Amino acid sequence: EHRQNSREHMVRESRQDRELGARPRESLSFHRRFTTLTITREARSKHGAKDGAVGTSQGCANTSSRAATAVTTALFEPGADGQTPQVVVLVGAPGMGKTTMVRKVMVEWGEGMLHTQFDFVFCVDCKAITLPMEASVADLVSQCCPGLQVPAGKILDDQKKILFIFDGFEALGFSLVQPEAELSSDLREVKPLELTLMSLLKKTVLPEASLLITTRPTALRSLVQCLEGEYYMGILGFSAARREEYFHKYFENPNKGDKAFRFARGNQFLYSLCVIPVMSWTVCTILEQELCGTKNLLECSKATTGMMMFYLSQLLKHRDRDNPQVLQQFLLQLCSLAANGIWKHKVLFEEKEIKDCGLDQPGLLPFFLNERIPKEGEDHGSVYAFTHLHLQEFFAAMFYVLEDDGEMVSSSGRLEKDVNKLLESYSKSRKDLNVTVRFLFGLVSQKSIEDMDKTIGCRISPRVREELLKWLQGRHRGLSQPGQALKVSEMDTFHFLFEMNEKSFVQSALGHFTDLDLQDTKLTLYDQMALSFCIQHWDGLSCVTLQGCSFQWQDPEAELDASVPCSGVSGAGGHPGALAVRRRREELPCSIHLLCRALRHRSSALRVLRLQWCWLSESCCAELAALLAEHPSLSRLELGDSSLGDTGVRLLCEGLRTPGCRLRVLR
């Protein structure tokens with residue numbers, strides 16, 4: 001009875017999740033909200049870092065060389081060596097879901113589903129502890145569960161039945177180097193709180209009790225000095241399947257969940273960022289607002305830069321409000337480090353570089369960089385990496401647009417803030433700079449300039465806008481042949497303009513060009529959204545040529561699932577994903593819907609449309625017929641090597657018969 005009462009009480013008293021990205025929707029139960037994370041389990045180590053600290057810098061992309069598994073909360077199961085861990089350290093960057101995992105442990109233990117070997121679980125929220133104070137272990141237990149009817153001393157008699165959880169260990173902030181002689185062995189002895197906690201960690205008191213500690217990678221260096229025989233588990237975030245599951249759990253409406261996930265899946269580098277749970281939450285939060293406003297994500301106004309800005313504002317919500325200059329200076333130095341790394345193909349940074357840049361600030365550094373402690377025998381210090389490569393690219397772009405009082409100097413020397421050099425390198429050979437350049441365009445939009453000033457207090461230089469405009473115009477003039485029409489033939493141009501999302505800038509950038517020519521390009525849904533946005537505001541466009549281009553409207557993985565034979569599977573649905581895939585296909589418009597809709601804008605001057613070897617089917621003909629019927633200047637249509645079928649041709653003929661059709665040549 002005491003055991004059941006303690007469970008019910010402690011679950012009621014468990015603190016609300018404070019980790020970014022785990023914002024509970026009160027209408028749903030915790031189980032319905034929770035999405036399984038991918039977690040690595042490291043070998044036990046005498047000194048914690050013998051086999052290397054758990055690295056989480058690239059999320060699930062880093063799992064090839066280690067045994068990564070989808071773990072829920074069975075954290076105290078026997079390992080590969082057959083030993084049941086007594087101390088488990090759960091490591092993850094901010095927003096990876098550490099506190100959510102703690103809540104999951106508490107909930108499932110309270111329900112008797114997992115960890116039933118423990119009669120009592122005490123959760124210490126390290127972020128909420130106020131120092132200095134004095135307490136015994138018994139006092140600590142009473143503070144965790146003030147309503148317990150059982151005396152703390154009696155609870156602590158059977159040590160093996162007790163689990164202590166320290167959530168957010170890095171927030172404690174006191175020295176872990178304490179004299180052994182001052183540590184306590186009596187659970188009722190009152191000592192300064194740091195000594196009491198150290199006594200639990202070093203097991204001078206309650207040596208047979210179990211410990212679960214959550215921490216950011218940057219705190220591992222000090223933590224490993226306190227523990228023995230611990231197991232390390234690293235949270236790597238969401239796998240591909242779990243990302244989709246998270247989107248559908250976030251949206252109660254299956255149709256909205258489908259739309260939101262399809263939108264994210266169509267944007268390759270936004271989708272890869274969703275490996276970080278807080279980034280999945282960010283994307284879902286923004287897309288929920290878009291669905292409430294436009295009801296149609298094909299008209300979504302939030303490009304990836306806007307989502308990154310929202311993510312950054314949430315990350316820094318309560319940081320250094322009283323001293324914003326500290327945060328601003330930190331960000332300038334961080335951006336310098338990121339840009340240096342991008343130029344040198346560098347994602348790992350040595351401890352000396354971090355200190356030389358002035359980034360060794362415990363209150364800020366863990367939000368952006370993960371620390372990897374050297375393996376035993378390695379003679380170098382810790383190395384650091386951004387939580388995700390795209391975050392490094394985002395901050396590298398910020399380096400070129402943020403105003404400061406002078407050039408930033410890094411450990412490797414002066415890095416010049418020359419946007420033109422960056423753009424020239426990208427044009428010539430450095431295609432790996434694509435994401436950085438895309439973020440450049442997004443950061444100089446009027447919306448980003450206002451948001452950066454309001455939320456972070458940093459100013460973006462308006463001069464960069466002019467340099468980007470000149471580069472775009474000059475780039476395509478150089479690609480056009482002398483004496484021929486000026487044409488745009490690079491898909492990335494449309495992504496850059498879509499990232500900025502400003503009608504006037506599109507008109508200025510494309511106003512001198514008349515032709516669009518893309519060849520052998522697989523156009524994802526996000527590609528088509530970018531292309532359509534630009535076409536709608538491109539008044540001088542008279543000729544569109546798409547040769548060998550395919551229009552993709554769903555996940556390649558979903559298409560693969562749909563092609564799997566359904567033999568041997570019971571039920572009308574056949575293959576488990578087949579029904580969902582069929583439903584998505586039925587709901588989607590034809591593959592050229594966005595293109596045709598954009599070409600029908602009021603001021604369109606289109607005369608020639610070539611869709612050659614684009615594998616169009618009869619379902620596209622209704623859209624083409626509507627375009628023929630309504631467009632006042634379209635005079636030439638070429639549909640080479642398409643499978644239109646008799647039905648498709650009949651639909652085309654209906655468009656040709658309408659009085660508004662101006663077509664003169666059909667091939």
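Bear in mind these aren't lab numbers, they're just calculated from the coordinates by the rules spelled out. Quick caveat: nothing in here was measured; it's all calculated off a predicted structure. Cβ placement follows ideal geometry from the backbone for every residue including glycine, while neighbour counts extend to all protein chains displayed.
Which lysines have a Cα lying under 20 Å from the Cα of K256, excluding residues fewer than 8 positions away in the same chain?
Cα-Cα hits under 20 Å: K295, K302.
In this model, which of K344/K417; K346/K431; K447/K522; K202/K355 are farther than 19 Å apart at the alpha-carbon?
With Cα atoms farther than 19 Å apart: K447/K522; K202/K355.
For a Förster distance of 22 Å, can you work out the FRET efficiency between the beta-carbons of L486 and R664, rounded to the nearest 0.05? Don't jump to the answer; show the numbers that get you there.
Details: r = 24 Å, r/R0 = 1.09.
Plugging the Cβ-Cβ distance into 1/(1 + (r/R0)^6) gives 0.35.
For segment 203-215, just list the computed ³J(HN,Hα) in residue order, Karplus coefficients 6.51, -1.76 and 1.60, θ = phi - 60°, integers in Hz, with x standing in for Gly and Pro.
Working through the residues one at a time gives 6, 7, 10, 6, x, 9, 6, 9, 10, 10, 10, 9, 7 Hz.
Going by amide H atoms built from the backbone, whose H comes under 5 Å of the H on S550, apart from near neighbours?
Amide H neighbours of S550: T521, K522, L523.
Show me the trypsin sites (Lys or Arg not before Pro) within segment 428-476 that DSSP assigns to loop and that have at most 14 other Cβ atoms within 10 Å of their Cβ. Present the calculation step by step, with values, prior to reporting the outcome.
Numbers: sites: K428, R430, K431, R438, K447, K454, R459, R463, R465, K470, R475; in loops: R430, R459.
Those that pass, being in a loop and sparsely packed, are R459.
List every residue whose amide H lies under 5 Å from the amide H of L37, counting only residues 5 or more places away in sequence or on a different chain, with H placed 1.01 Å from N in the peptide plane.
Amide H to amide H, under 5 Å and 5 or more residues apart or across chains, L37 pairs with V71.
Read phi for every residue in segment 161-172 and hand back ³J(HN,Hα) as whole Hz from Karplus 6.51 cos²θ - 1.76 cosθ + 1.60, θ = phi - 60°, with x for Gly and Pro.
In residue order, the calculated couplings are 8, 10, 10, 9, 10, 10, 9, x, 3, 5, 7, 4 Hz.
Within the set of other residues whose C-beta is less than 12 Å from the C-beta of T196, count the net charge using Lys and Arg as +1 and Asp and Glu as -1.
-3
Looking at segment 147-223, which trypsin sites (Lys or Arg not before Pro) are in a loop (DSSP not H, G, I, E or B) and have at most 14 other Cβ atoms within 10 Å?
R188
Can you list the lysines whose alpha carbon is less than 16 Å from that of K454, not counting same-chain residues fewer than 8 positions off?
Here the lysines satisfying the reach criterion relative to K454 are K317.
Applying the Karplus parametrisation 6.51 cos²θ - 1.76 cosθ + 1.60 with θ = phi - 60° to the phi angles of segment 100-108, what ³J(HN,Hα) value in whole Hz is obtained for each residue in order, glycine and proline being reported as x?
So the J values, rounded to whole Hz, are 4, 5, 4, 4, 4, 4, 4, 5, 5.
What list of whole percents do you get for P(r) of segment 423-489, with Cα-Cα distances grouped in 10 Å bins up to the one holding the largest distance?
18, 40, 28, 11, 3
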